[in-house]
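The values are calculated or read from the model by the stated rules, or taken from the named source; none is laboratory data. Predicted, not measured: the structure shown is a model, and the values here were computed from it. We place every Cβ from the backbone using ideal geometry, glycine too, and count neighbours over all the protein chains shown. Just the protein is used for accessible areas: all its heavy atoms, side chains included, with ligands, DNA and RNA removed. Shrake-Rupley method; radii C 1.70, N 1.55, O 1.52, S 1.80 Å.
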Amino acid sequence: MPKVSKSGKAKDSELPSTLQKSDEHAKQTFAKTHDAAADEYGEGERAHRVAYSALKHSYEKVGDHWEKKDKRGPSDERAESGGPRPEGDSAEGVDANASKKHLVEVAKRLDIPGRSTMTKDDLVSAIEKANRRETRRNR
(Lines give C-alpha, C1' and ligand atoms only; values in the text may rest on other atoms or scores of the structure.)
Protein backbone atom coordinates (compact mmCIF):
# COMPACT_ATOMS: atom_id res chain seq x y z
CA MET A 1 0.00 0.00 0.00
CA PRO A 2 1.05 3.65 -0.07
CA LYS A 3 4.42 4.71 1.18
CA VAL A 4 5.67 8.26 1.48
CA SER A 5 8.93 8.78 -0.40
CA LYS A 6 11.98 10.60 0.94
CA SER A 7 10.68 13.72 -0.81
CA GLY A 8 7.52 13.47 1.32
CA LYS A 9 5.26 12.59 -1.60
CA ALA A 10 3.05 9.54 -1.95
CA LYS A 11 3.40 7.34 -5.04
CA ASP A 12 0.21 7.81 -7.07
CA SER A 13 0.31 4.24 -8.36
CA GLU A 14 -0.05 2.92 -4.79
CA LEU A 15 -3.01 5.14 -3.88
CA PRO A 16 -6.73 4.43 -4.41
CA SER A 17 -7.98 5.88 -7.71
CA THR A 18 -10.00 8.64 -6.02
CA LEU A 19 -6.87 9.90 -4.27
CA GLN A 20 -4.79 9.81 -7.45
CA LYS A 21 -7.07 12.60 -8.74
CA SER A 22 -6.85 14.65 -5.51
CA ASP A 23 -4.43 17.32 -4.31
CA GLU A 24 -1.02 16.54 -2.85
CA HIS A 25 -2.06 17.23 0.75
CA ALA A 26 -4.91 14.70 0.53
CA LYS A 27 -2.48 12.12 -0.85
CA GLN A 28 0.04 12.79 1.91
CA THR A 29 -2.62 12.70 4.63
CA PHE A 30 -3.81 9.29 3.48
CA ALA A 31 -0.33 7.84 2.83
CA LYS A 32 1.29 9.02 6.07
CA THR A 33 -1.66 7.86 8.17
CA HIS A 34 -1.77 4.53 6.35
CA ASP A 35 1.98 4.02 6.89
CA ALA A 36 1.66 4.74 10.62
CA ALA A 37 -1.40 2.50 10.96
CA ALA A 38 0.29 -0.32 9.03
CA ASP A 39 3.26 -0.10 11.40
CA GLU A 40 0.89 -0.26 14.37
CA TYR A 41 -1.73 -2.79 13.16
CA GLY A 42 -0.13 -4.43 10.12
CA GLU A 43 -1.12 -4.10 6.48
CA GLY A 44 -4.77 -4.65 5.76
CA GLU A 45 -8.28 -3.40 6.24
CA ARG A 46 -7.69 -1.73 9.61
CA ALA A 47 -4.80 0.41 8.31
CA HIS A 48 -6.95 1.36 5.32
CA ARG A 49 -9.90 2.35 7.54
CA VAL A 50 -7.67 4.47 9.78
CA ALA A 51 -6.22 6.30 6.76
CA TYR A 52 -9.66 7.02 5.30
CA SER A 53 -10.89 8.20 8.69
CA ALA A 54 -8.05 10.73 8.93
CA LEU A 55 -8.69 11.87 5.35
CA LYS A 56 -12.42 12.39 5.99
CA HIS A 57 -11.69 14.85 8.81
CA SER A 58 -10.15 17.30 6.33
CA TYR A 59 -11.56 16.22 2.96
CA GLU A 60 -14.87 15.22 1.40
CA LYS A 61 -15.45 13.06 -1.64
CA VAL A 62 -16.92 14.97 -4.59
CA GLY A 63 -17.42 12.86 -7.68
CA ASP A 64 -14.28 10.84 -8.32
CA HIS A 65 -11.84 12.81 -6.11
CA TRP A 66 -11.39 14.37 -2.65
CA GLU A 67 -11.67 18.11 -1.95
CA LYS A 68 -10.62 20.07 1.13
CA LYS A 69 -13.50 20.81 3.51
CA ASP A 70 -14.17 24.35 4.72
CA LYS A 71 -14.20 23.15 8.32
CA ARG A 72 -12.14 20.30 9.75
CA GLY A 73 -14.00 17.63 11.69
CA PRO A 74 -15.83 14.31 11.44
CA SER A 75 -17.93 13.92 8.31
CA ASP A 76 -20.58 11.47 9.51
CA GLU A 77 -21.96 9.47 12.48
CA ARG A 78 -19.37 6.73 12.06
CA ALA A 79 -16.45 9.20 12.12
CA GLU A 80 -17.90 10.91 15.20
CA SER A 81 -18.03 7.67 17.21
CA GLY A 82 -14.46 6.64 16.27
CA GLY A 83 -12.48 3.89 17.94
CA PRO A 84 -11.89 0.30 16.88
CA ARG A 85 -15.65 -0.49 16.81
CA PRO A 86 -17.30 2.64 15.42
CA GLU A 87 -21.07 2.90 15.39
CA GLY A 88 -23.42 4.67 13.00
CA ASP A 89 -23.56 4.92 9.25
CA SER A 90 -20.75 5.99 6.97
CA ALA A 91 -21.58 8.62 4.36
CA GLU A 92 -18.85 7.25 2.06
CA GLY A 93 -16.80 10.43 2.18
CA VAL A 94 -19.72 12.84 1.83
CA ASP A 95 -19.59 15.53 4.53
CA ALA A 96 -22.99 14.67 6.05
CA ASN A 97 -22.31 17.19 8.85
CA ALA A 98 -22.09 20.08 6.37
CA SER A 99 -24.94 22.52 5.97
CA LYS A 100 -27.82 21.75 3.64
CA LYS A 101 -26.73 24.75 1.55
CA HIS A 102 -23.29 23.18 1.06
CA LEU A 103 -24.82 19.81 0.14
CA VAL A 104 -27.10 21.48 -2.42
CA GLU A 105 -24.03 23.18 -3.96
CA VAL A 106 -22.20 19.84 -4.20
CA ALA A 107 -25.32 18.22 -5.69
CA LYS A 108 -25.49 21.02 -8.26
CA ARG A 109 -21.86 20.43 -9.27
CA LEU A 110 -22.68 16.73 -9.66
CA ASP A 111 -25.80 17.60 -11.70
CA ILE A 112 -28.20 15.79 -9.38
CA PRO A 113 -31.81 16.41 -10.47
CA GLY A 114 -34.42 17.43 -7.87
CA ARG A 115 -31.79 18.66 -5.41
CA SER A 116 -33.69 21.82 -4.44
CA THR A 117 -36.58 19.82 -2.94
CA MET A 118 -34.49 17.13 -1.22
CA THR A 119 -34.01 16.81 2.53
CA LYS A 120 -30.49 16.84 3.91
CA ASP A 121 -30.51 13.01 4.24
CA ASP A 122 -31.77 12.68 0.67
CA LEU A 123 -28.95 14.95 -0.55
CA VAL A 124 -26.33 12.87 1.26
CA SER A 125 -27.71 9.67 -0.32
CA ALA A 126 -27.90 11.22 -3.79
CA ILE A 127 -24.32 12.54 -3.52
CA GLU A 128 -23.07 9.12 -2.36
CA LYS A 129 -24.73 7.53 -5.40
CA ALA A 130 -23.35 10.18 -7.79
CA ASN A 131 -19.86 9.77 -6.29
CA ARG A 132 -19.97 6.00 -6.82
CA ARG A 133 -21.13 6.51 -10.41
CA GLU A 134 -18.38 9.06 -11.16
CA THR A 135 -15.70 6.87 -9.60
CA ARG A 136 -16.78 3.84 -11.66
CA ARG A 137 -16.91 5.90 -14.84
CA ASN A 138 -13.44 7.39 -14.37
CA ARG A 139 -11.45 4.36 -13.27
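Across the options VAL94, ILE112, ALA79, the greatest Cα extent toward the positive end of the charge dipole of segment 15-112 (unit charges at beta carbon of Lys, Arg, Asp, Glu) belongs to ILE112.
In this Cβ point-charge picture (+1 for Lys and Arg, -1 for Asp and Glu), segment 8-81 has a dipole of about 180 debye about its Cα centre.
When the chymotrypsin sites (Phe, Trp or Tyr not before Pro) in segment 35-139 are filtered for DSSP coil states and for at most 16 other beta-carbon atoms within 10 Å of their beta-carbon, no site remains.
Only the Cβ atoms of Lys and Arg (+1) and of Asp and Glu (-1) were treated as charged; on that basis the dipole of segment 15-139 about its Cα centre amounts to roughly 460 debye.
Across segment 16-100, the mean sequence separation of Cα contacts (distance under 8 Å, 6 or more residues apart), normalised by length, yields a relative contact order of 25 percent. Protein-only accessible surface at a 1.4 angstrom probe places the residues VAL124, VAL104 in the order VAL104, VAL124, largest first.
Qualifying GluC sites (Glu not before Pro) in segment 17-112, where qualification requires a DSSP coil assignment and no more than 10 other C-beta atoms within 10 Å, comprise GLU87.
Taking a quarter of the surface of the Cα convex hull of segment 47-139 gives a mean projected area of 5.9 nm². Projecting the Cα atoms of ALA38, ALA51, ALA26 onto the dipole axis of segment 21-83, where Lys and Arg carry +1 and Asp and Glu carry -1 at the beta carbon, places ALA26 farthest toward the positive end. Distance from the alpha carbon centroid of segment 36-69 to that of segment 87-115 works out to 19 angstrom.
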